[in-house]
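Asker: Provided herewith is a single structure, encoded as structure tokens, for subsequent inquiry.
The values are calculated or read from the model by the stated rules, or taken from the named source; none is laboratory data. Just so it is clear, the model here is predicted, and its values are computed rather than measured. FYI the Cβ positions are ideal-geometry reconstructions off the backbone, even for glycines, and counts take in every protein chain you see.
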Amino acid sequence: MIPVSWFLVLSGVLFALGVAAFLIKKDLLVMFLAVEVMLNAANLAFVAFARLHGLLEGQAAVFFIITVAAAEAAVGLAIILLVFRRKKTVKADDISVLKG
Amino acid sequence: MATLLFFLLSALCVGGILGMILSRNAAYSALCLVPSFAALGALFGLLGGPFIAVVQVIIYAGAVMVLFLFVVMMIPLRPAPSFPKRKAFFALSVVLAACLLALIVLSLSASLKTSAAAAPEGFGGVGDIGRLLFTDLLYPFEITSLVILAALVGALILAKKKKSP
Amino acid sequence: MKDVFWLIPLLPAAGALGLLVFGSRLHRAAVSFVGCLTVLASFLLSLLSFLGLSGEAAAQGPQIKVLFDWLDAGRFSAGLSLQFDALTAVMALVVTGVGFVIHVYSVGYMRGDRSYARYFGLLNLFVFSMLLLVMASNMIVLFIGWEGVGLCSYLLIGFWFEKPAAAAAGKKAFILNRIGDAAFLMGILFLFVHVGGTEFRLIERTALDGGLGTGAATLIGLLLFAGACGKSAQLPLYVWLPDAMEGPTPVSALIHAATMVTAGVYMVARLNPLYSLSPPALQTVAVVGAVTAVFAATMALVQNDIKRVLAYSTISQLGFMFIGCGVGAYSAGIFHLFTHAFFKSLLFLAAGSVMHALSGELDLRRMGGLRRYLPLTYAAFLVGTVAISGVPFFSGFFSKDAILTSAFSAGRHFVWVLGLLAAVMTAFYMFRLLLRVFHGRERLDPEAKAHLHESPPVMTVPLIVLALLSVSAGYLALPAVFGKDLDRFGRFLGSVIPAGADAHVSLGTEWLLLLASTTVALLGIGLAFLFYGRPTVIPEALVRKFPRLFSLVANKYYVDEVYGAVIVNPLLRGSEAVYRRFDLKVIDGAVNGTARLTALAGRGLNVLQTGRVRDYALALLSGLLVVLGVLVL
């Protein structure tokens, strides 16, 4: 069938794209989206390996990852809301309180 | 046939992400990712994980993205140029991301032609996963539900509008 | 009972510690009590130990008590050990006895002083150091005491440190002592090299067994004597003693008359086996002593400050003591040390009494006719003056004559002549002092005269005690002319100082020498009366005739100025230059430069701390790549 390694390459591509997106975009929200992309890339890798080794645990891992990622998205977005309320901006570069 | 499907889905996935990167509007970015995640779900199915595929589509493409869109709509955003003014930074991040990719591919280069064994019947079926989750992985399962609860409550409290005194 | 001598130094040490730490919180009376009691107790213990020495015990050699093993480095070891023999006994009795008397005197003299407790604490500390010095059984402990008395001298000279003159005088004393000490230390080192140790018993044995060559003995002897020149104010390191008069008068009496300055003489006497091996060293000692004696006496002739006259007199008398040792008559030298302690401290204390009566005046020209107002002080001063001038039957006569006789009989005629010259001058300037202060026309400041009063008993009783001793002490060592074996003092010291060291002359020669000494003393006194007995113009006439000579002597031969120009100023300017060119620029530059470099680096690295998440993410990615690269590649 399809070589599993292709899926892994795809996973790598997705991850690299996610990283690039995180670094390139200035918007906090979009940066958060990029994080989700990276997580999904990892999920893909998990499933691919689960198939490669015939272990269902990989898929269980993905199950958990999706769940936790959803929870994390909820909290993270709440935080972004708070940041917006405080700083009136969601541009990542505008928030440099830790400067120096 | 599967190969074709694979490439189609991959294209969709990558395309969505590129769309996310390239669009200037946060809402558009979020929307671009929806088909991307859906395609990913299909890919999961290709890999013999029907249950996971469905979960991915329902939760990620469905719930998480919608959540994002809600928040996007709550925050008035000015469309920003997607390419930052700092050229050096931009160039450097692209280069480094490429390096990352290269490294990943390199590490896989040995096994580039390995094929997967034929999936056993019912591999990745709901029943099997369910058994796994409720026996060996019971603890993580229960704790995850706590995590969700915590996230729920936390998000509620965090996002609540403070009542002015 | 015999073995308590090691407690002798410890009592004043405890007193010093207590008084210096707690004294300011104690009542004056308590301070006086403690301060005097410790020294009195030491004196009694010394007496006890002295009595324990009589008989066969003295012949057995010194008792030694090792307090603890201190240094032990390879071949070199020195313990903190004390000893008690005849010589130590004499010195200890003098130090504690005269010390006690002066402590009592100080109770009156220093009454009303702000730092009363510090004074007694330091005085006790001094007594402790001096006792350590004389009770040491090796050179190392002696040196500790040596340094200790130097330190106390500095602290006590500069006791009233708010006075710039006093502070400077203290510094001067300490620095000059230090110069001598450098040579002293080298002497100790060579002692170790040639003898293998610094214990006195070892030195004595090595010297007697012929284990020490003349060259080595000369080297060591000269180096140690150089140290003695600093401590005992001989040429050329004497200039600190006159300045040291800035300190309280009891301090001058104790430290700069009776005890510390005599440490050099003690050292030479203690090491007499070594010195006897080296005629050149002894020659040097005698000549330096003689020249110093005359030199200092000339300066005493024209001084107008009571204490400074006495200071130069001390330098001169110390020269006499070194003459004694230098011609091999060590016991004569120590005997003069013994008698000098009594009459010199008597003179100083009496001078202090005068100053106390006149509210601090010390210029001769503003005194006169005081014998009517201060009869007791006058009597004491008279006794002291007569004693020091070498008038027969007083103590000074016997000790000085012993030295001069020994010098002549050892064939050292040049030294003998110088000694006679110094003796004339001594009699002269001392009686000059007496006449100017107590006789003649009153030249008193009216303010001072109004407050004129005899000193309280706490000050006059010590004077009486010292006066009695000044008269009687001489009888411990009568010259052979009066009968055989009347030199009890010399016999007592025989266990330490071989009797053969004193040469002998015929009886007839001795009588002649006695006569010479007496004549010389009377000559000096006569001249003094001639010049100052009645109002005369002789002094002024002489000054007018030899103005340049007079100003040369009156200005102390400009020695201080020469030292300043040749040694002190170049050193100061050199230090200044080094400070400016090296210390400020190089060292401070390096230190500050390092600081500035660090700050610069910090500021440089600060650029990375932008506070922006994306920048940090980039950094993370870079790090990740490095790690992955290492793993994969």
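Asker: Would you tally the residues in the range A:12-70 being within 20 Å of A:ASP93 (Cβ to Cβ) and either touching a His at 6+ places or on another chain (Cβ under 9 Å) or not β-branched (Val, Ile, Thr) (or both)?
Answerer: 14
Asker: Would you say C:VAL268 is surrounded by fewer than 24 Cβ atoms within 10 Å (Cβ to Cβ), in contact (Cβ under 8 Å) with a residue 24 or more places away in the chain and under 18 Å from the mean Cα position of the chain (by Cα)?
Answerer: no
Asker: Condition test on C:ALA516, is it modelled with pLDDT under 80 and of a type in the set (Gly, Ala, Ser)?
Answerer: no
Asker: State whether one or more residues within the range A:74-96 are among the hydroxyl-bearing types (Ser, Thr, Tyr) and in a helix (DSSP H, G or I).
Answerer: So far as the range A:74-96 goes, no, none of its residues is among the hydroxyl-bearing types (Ser, Thr, Tyr) and in a helix (DSSP H, G or I).
Asker: Follow-up. Out of the range C:87-110, which residues are surrounded by fewer than 22 Cβ atoms within 10 Å (Cβ to Cβ) and either free of Cβ contacts under 8 Å to residues at least 12 places away in the same chain or farther than 15 Å from C:LEU349 by Cβ (or both)?
Answerer: If the condition is that a residue be surrounded by fewer than 22 Cβ atoms within 10 Å (Cβ to Cβ) and either free of Cβ contacts under 8 Å to residues at least 12 places away in the same chain or farther than 15 Å from C:LEU349 by Cβ (or both), then C:LEU93 is the only one that fits.
Asker: Identify, by number, the condition in (1) within 18 Å of C:VAL4 (Cα to Cα); (2) more than 18 Å from the chain's Cα centre (by Cα) that C:VAL127 doesn't meet.
Answerer: Looking at each condition in turn, C:VAL127 falls short on (2).
Asker: Next up: Among (1) away from chain C (no Cβ under 14 Å); (2) surrounded by fewer than 21 Cβ atoms within 10 Å (Cβ to Cβ); (3) assigned to a helix (DSSP H, G or I), there is one condition A:GLY58 misses while meeting the rest; what is its number?
Answerer: Among (1) away from chain C (no Cβ under 14 Å); (2) surrounded by fewer than 21 Cβ atoms within 10 Å (Cβ to Cβ); (3) assigned to a helix (DSSP H, G or I), A:GLY58 violates only (2).
Asker: Determine whether C:LEU605 is touching a helix residue (DSSP H, G or I) at 6+ places or on another chain (Cβ under 8 Å), in a helix (DSSP H, G or I) and under 30 Å from B:LEU103 (Cα atoms).
Answerer: Judged against the criteria, C:LEU605 is not a match.
Asker: On to the next question. C:ALA357 - would you say it is hydrophobic (A, V, I, L, M, F, W, C) and buried (at least 24 other Cβ atoms within 10 Å of the Cβ)?
Answerer: So C:ALA357 does not fit the description; no.
This table checks each residue for (1) at pLDDT 90 or above; (2) assigned to a helix (DSSP H, G or I); (3) surrounded by fewer than 23 Cβ atoms within 10 Å (Cβ to Cβ).
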{"site": "C:PHE128", "(1), (2), (3)": "yes, yes, no"}
{"site": "C:LEU133", "(1), (2), (3)": "yes, yes, no"}
{"site": "C:PHE143", "(1), (2), (3)": "yes, yes, yes"}
{"site": "C:VAL149", "(1), (2), (3)": "yes, yes, no"}
{"site": "C:GLU162", "(1), (2), (3)": "no, no, yes"}
{"site": "C:LYS171", "(1), (2), (3)": "no, yes, yes"}
{"site": "C:ALA183", "(1), (2), (3)": "yes, yes, yes"}
{"site": "C:MET186", "(1), (2), (3)": "yes, yes, yes"}
{"site": "C:PHE192", "(1), (2), (3)": "no, yes, yes"}
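Asker: Identify the residue in the range B:2-18 that is in contact with a Phe, Trp or Tyr (Cβ under 9 Å, 6 or more places away or on another chain) and within 18 Å of B:VAL64 (Cα to Cα) and, among all such residues, is nearest to the other protein chains (Cβ to nearest Cβ).
Answerer: Here the answer is B:CYS13.
Asker: What's the number of the only condition in (1) closer than 23 Å to C:ILE255 by Cβ; (2) part of a helix (DSSP H, G or I) that C:GLY360 fails to meet?
Answerer: (2)
Asker: Being at the interface with another protein chain (Cβ under 7 Å from one of its Cβ atoms), aliphatic (A, V, I, L, M) and either surrounded by fewer than 19 Cβ atoms within 10 Å (Cβ to Cβ) or touching a Leu at 6+ places or on another chain (Cβ under 7 Å) (or both) is the filter here; which residues of the range B:60-73 pass it?
Answerer: Listed by number, the residues that qualify are B:ALA63, B:LEU67, B:VAL71, B:VAL72.
Asker: Residues in the range C:74-88: is at least one within 30 Å of C:ALA357 (Cα to Cα) and either not in a strand (DSSP E or B) or not polar (S, T, N, Q) (or both)?
Answerer: Within the range C:74-88, not a single residue is within 30 Å of C:ALA357 (Cα to Cα) and either not in a strand (DSSP E or B) or not polar (S, T, N, Q) (or both).
Asker: Sticking with this one: Going residue by residue through the range C:378-386, is there one that turns out to be without any contact (Cβ under 8 Å) to a residue 12 or more places away in the chain, part of a helix (DSSP H, G or I) and touching a Gly at 6+ places or on another chain (Cβ under 9 Å)?
Answerer: Yes, there is a match, as at least one residue in the range C:378-386 is without any contact (Cβ under 8 Å) to a residue 12 or more places away in the chain, part of a helix (DSSP H, G or I) and touching a Gly at 6+ places or on another chain (Cβ under 9 Å).
Asker: Among the residues of the range B:19-47, how many are in contact (Cβ under 8 Å) with a residue 60 or more places away in the chain and either of a type in the set (S, T, N, Q) or more than 9 Å from chain A (Cβ to nearest Cβ) (or both)?
Answerer: So the answer is 1.
Here's the yes/no breakdown for (1) without any contact (Cβ under 8 Å) to a residue 12 or more places away in the chain; (2) more than 14 Å from chain C (Cβ to nearest Cβ):
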residue	(1), (2)
A:LEU10	no, yes
A:GLY18	no, no
A:ALA45	no, yes
A:GLY54	yes, yes
A:GLY76	no, no
A:ASP93	no, no
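Asker: Can you confirm whether the range A:23-41 contains a residue that is of a type in the set (Asp, Glu), within 27 Å of B:LEU92 (Cα to Cα) and either facing chain B (nearest Cβ under 7 Å) or part of a helix (DSSP H, G or I) (or both)?
Answerer: Within the range A:23-41, one or more residues are of a type in the set (Asp, Glu), within 27 Å of B:LEU92 (Cα to Cα) and either facing chain B (nearest Cβ under 7 Å) or part of a helix (DSSP H, G or I) (or both).
Asker: Right, something else. Take the conditions outside any helix (DSSP H, G or I) and either touching a residue at least 24 places away in the same chain (Cβ under 8 Å) or closer than 17 Å to C:ALA286 by Cβ (or both) and apply them to C:PRO242. Does it pass?
Answerer: no
Asker: Something else now. Yes or no: the range A:85-95 includes at least one residue that is at pLDDT 90 or above and surrounded by fewer than 19 Cβ atoms within 10 Å (Cβ to Cβ).
Answerer: Checked the range A:85-95: no residue is at pLDDT 90 or above and surrounded by fewer than 19 Cβ atoms within 10 Å (Cβ to Cβ).
Asker: The conditions are (1) facing chain B (nearest Cβ under 7 Å); (2) modelled with pLDDT under 90, and A:THR67 fails exactly one of them. Which is it?
Answerer: The failed condition is (2).
Asker: Counting just the residues of the range C:36-62 that are at pLDDT below 60 and in a loop (DSSP other than H, G, I, E, B), which one comes out surrounded by the fewest Cβ atoms within 10 Å (Cβ to Cβ)?
Answerer: Among residues in the range C:36-62 that are at pLDDT below 60 and in a loop (DSSP other than H, G, I, E, B), the one surrounded by the fewest Cβ atoms within 10 Å (Cβ to Cβ) is C:GLY55.
Condition check ((1) among the polar types (S, T, N, Q); (2) in a helix (DSSP H, G or I); (3) under 16 Å from the mean Cα position of the chain (by Cα)) across all residues:
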| residue | (1), (2), (3) |
| --- | --- |
| C:GLN283 | yes, yes, no |
| C:VAL287 | no, yes, no |
| C:THR298 | yes, yes, no |
| C:VAL302 | no, no, no |
| C:LYS307 | no, yes, yes |
| C:SER316 | yes, yes, yes |
| C:ALA341 | no, yes, yes |
| C:PHE348 | no, yes, yes |
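Asker: For C:GLY112, indicate whether it is more than 30 Å from C:ALA217 (Cα to Cα), of a type in the set (Gly, Ala, Ser) and not in a helix (DSSP H, G or I).
Answerer: In short, yes.
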